[in-house]
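Every read-out reported here was derived from the displayed coordinates using simple, explicitly stated rules and does not represent laboratory data. If you're wondering where the values come from, they're calculated on a predicted model, not measured in any experiment. Positions of Cβ are backbone-derived with ideal geometry, glycine not excepted, and every protein chain shown enters the neighbour counts.
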Amino acid sequence: MVNRRCGAAVLLAAMLVGLTPCALQAAPCGNNSAGFENWKRAFASEAKANGIGSRGISALMGTKYSVGTIRADRGQKGFKLSLQQFMAKRGSAAIVSRGRQMKAQNGKLFAALEQRYGVPPGPLLAIWGMETAFGSYMGSQNVLSAIATLAYDCRRPEFFTQQLYAALQLIDSGTLSPATRGAMHGEVGQTQFLPKSILLYGVDGDGDGVINLNSRADALASTANFLRGHGWTPGAGYQPGQPNFQAIQGWNAAGVYQQAIAIMGRQIDGK
């Protein structure tokens, strides 16, 4: 067991999700399932003290340690490939081809998104295709169990503790449910948002009054809003070295991923 300490990064994270200072560091982390149940009880106590409601606490106590999530977290080798190898492995040619079709079939939607957020179709379609093959596979892992496991795990506890608090807030509000399914790291929906990004950038793109990232319109609008929130400038370029590439960098930290999105986006946009 290792105790986390409250530093500047933790304080900033606490403010971002509306918590009191040092709320994100009390429960101890661990490197296997042995301490998970004790950690849940400790975390539930601090979460309740920091405003998480009964629905969120009940959902947290129902989580299970996810061996699959830990295995996936330790096995991310794709980002070590060269750009050419990465794009071949991820099927970039197929994403571009399908992306052009989806752009033509959903012209009104993408025109509306560009008008509202300033983001052209290409990067949105590249992200959509890369993340879930245009909604074909959004994951089958219990989202809250995945995020709770990673918040407990000692490798990146501060980052995923932020995500766990956000997930519990979203469960309290009804935006997520305890049964929500997603990817192995707890990403949700058509473009794979983590809970904190849903809180900060999630929008109702189809006008039905709810934010549902399994909805195509909501997911794409939220993705465009995310890019705008990370500095996207309407009309500026988005290739490496151009102004909007920094927004793509905000989406994913891996350099090969960032470059792949920029390249595929340009090819989809025909530029």
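Evaluated with a Cβ-only charge set (Lys, Arg +1; Asp, Glu -1), the chain carries a dipole of roughly 640 debye about its Cα centre, given to the nearest 20. Under a 5 Å amide H cut-off, with hydrogens placed 1.01 Å from N, CYS29 pairs with VAL2, ARG4 among residues at least 5 apart or on other chains. First check a/c for segment 207-271, with a ≥ b ≥ c the square roots of the eigenvalues of its C-alpha gyration tensor; if it is under 1.5, answer rounded, and if not, answer prolate when a/b is larger than b/c or oblate otherwise. Here segment 207-271 falls in the prolate category. Considering only the Cα atoms of segment 69-201, their convex hull presents on average a projected area of 9.1 nm². Considering only TRP128, LEU144, ILE95, and ranking their Cα positions along the charge dipole of segment 77-150 that arises from unit charges at the beta-carbon of Lys, Arg, Asp and Glu, the one farthest toward the positive end is ILE95. In the calculated pair-distance distribution of segment 182-236, the portion above 15 angstrom amounts to 43 percent of the Cα-Cα pairs. Ranking HIS185, ILE268, VAL256 by Cα position along the charge dipole of segment 167-271, where only Lys, Arg, Asp and Glu carry charges on their C-beta atoms, puts VAL256 farthest toward the positive end. Structural descriptor for segment 30-185: relative contact order 32 percent, calculated from alpha carbon pairs under 8 angstrom and at least 6 residues apart. Computed from the Kirkwood radius of its Cα pairs, the Stokes-Einstein diffusion coefficient for the chain at 20 °C and 1.002 mPa s stands at 111 µm²/s.
Counting only Cβ charges, +1 for Lys and Arg and -1 for Asp and Glu, the dipole size of segment 61-165 around its Cα centre is about 320 debye. Computed from the alpha carbon positions, the gyration tensor of segment 22-128 leads to an equivalent ellipsoid with semi-axes of 41, 23, 12 Å, biggest first. Maximal additional length on extending the LYS64-LEU83 stretch stands at 3.2 nm, based on 0.36 nm per residue less the C-alpha distance.
Relative to the current alpha-carbon distance between ALA253 and ALA236, full extension at 0.36 nm per residue lengthens the span by 4.0 nm.
In this rough spin-label picture, where each label sits 7 Å from Cα along the Cβ direction, the ASN31-ALA104 distance is 5.5 nm. From its DSSP helices (H runs of at least four residues, each -39,500 (n - 2.57)), the chain gives a residue-normalised ellipticity at 222 nm of -17000 deg cm²/dmol.
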